[in-house]
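> A single structure is presented below for examination.
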Amino acid sequence: MFHLEAVSAQRLYRLIAERIAQKIRAGGFPVGSRLPAERELAELLQVSRSSVREALIALELSGYVEVRVGSGVYVTTARGPGMPALAASGNAPGVADSASGIGPFELLQARLLIEPECAAYAACKGTQGQRAKVRQAQRALSDAGAGKHLDRAFHAAIAAACGNAALEAVVLHLWNLAEASPVYERLGKHFVDRKVWGLAAIEHDRIADAILERDPIRARHAMSAHLIAVMARLREDFADSVPQAKHPPPACDAFPSRGRRQRPGTADGAASPAWAAPVSSVVEPI
């Protein structure tokens with residue numbers, strides 16, 4: 001009998017992280033130096049800034065770099081062991097292995113596809129008792145001012161009120177994956193502060209008001225706006241000291257053009273450094 005190991009595709013951000021780690025180990029980015037800006041790295045590697053953001057967080061978790069919000073990303077060591085598997089740090093049993101490779105923005109994109117419809121269904125199908133629980137969860141979160149468990153409870157209450165057990169299960173599973181993702185957790189530590197919780201509270205109020213007033217169109221829009229704002233806040237440049245969400249990114253940011261681009265610091269058509277060859281070129285199509 002043949003014994004074959006399963007083949008799994010490595011996440012794009014992990015490939016980006018390994019490429020940058022190789023450059024660090026080779027001395028291309030000396031210890032103590034600041035890495036190029038995320039926008040420049042994205043252009044060099046021809047990937048989205050979201051993927052670069054996740055890669056930099058993975059490098060920080062692996063000990064190669066230190067993220068200093070308001071300043072940039074600095075190399076801390078050139079003797080790392082490569083890119084070890086990221087240990088899940090959440091408290092959701094049964095999802096740690098799958099969560100360790102899923103990027104935060106993949107999870108947020110999935111939520112953006114599902115949770116606005118749940119909010120719309122909750123507005124038009126939720127019972128009086130279910131909608132009251134949405135309001136209760138929103139007020140508890142607002143009174144506390146912060147709290148991931150209260151944030152989850154609010155979104156879970158909306159999912160429970162949507163009237164579709166399958167949708168509710170999907171929403172809860174996505175939250176389990178997010179809570180078990182070390183990259184997601186580290187992003188939150190860098191960018192989710194009291195000011196951000198204050199912005200989220202306003203967005204939560206709008207969602208709850210629309211659901212309580214049985215307005216599915218407004219509920220759907222309010223949830224979409226909230227999740228887009230969350231993604232925008234987590235995409236803020238590391239060199240910016242005050243996270244804001246003035247310009248939400250386009251929905252297709254995670255699916256960059258594969259067309260030819262002129263890279264910073266090179267003439268059109270000139271050869272790029274080997275380390276900066278487009279990452280997309282090493283990903284086998286499925």
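Every number here is computed from the coordinates shown, using simple stated rules; none is lab data. Keep in mind it's a predicted model, so treat the numbers as computed, not measured. Don't worry about glycine lacking a Cβ; one is built from the backbone with ideal geometry, like all the others, and counts go over all protein chains shown.
> Using the per-residue mean of other Cβ atoms lying within 10 Å as a proxy for protection, in what order, highest first, do the peptides 210-219, 150-159, 188-197 fall?
Values: 210-219: 18.9, 150-159: 21.5, 188-197: 15.1.
Highest mean packing first, the order is 150-159, 210-219, 188-197.
> Treat the count of other C-beta atoms within 10 Å as a stand-in for reagent exposure and order SER50, SER33, SER62 from fewest to most.
SER33, SER62, SER50
> Net charge near GLY145: determine it from the other residues with C-beta under 15 Å of the C-beta of GLY145, scoring Lys and Arg +1 and Asp and Glu -1. Before the final figure, lay out each step's value.
Details: positive: ARG139, LYS148, ARG194, LYS195; negative: ASP143, ASP151, ASP193, GLU203, ASP205.
Result for the neighbourhood of GLY145: -1.
> Only Cα pairs under 8 Å and at least 6 apart count here; give the relative contact order of the range 103-234 as a rounded whole percent. Before the final figure, lay out each step's value.
Numbers: 162 pairs, mean separation 54.5, N = 132.
Result for the range 103-234 is 41 percent.
> As an exercise, use a Förster radius of 41 Å and the Cβ-Cβ distance of SER33 and GLN128 to find the FRET efficiency, rounded to the nearest 0.05.
Values: r = 60 Å, r/R0 = 1.46.
For SER33 and GLN128, the calculated efficiency is 0.10.
> Lysines near LYS148 by alpha-carbon distance under 26 Å, same-chain residues fewer than 8 away left out - which ones?
Of all the lysines, those that pass the test against LYS148 - Cα under 26 Å, at least 8 places apart if same chain - are LYS133, LYS189, LYS195, LYS246.
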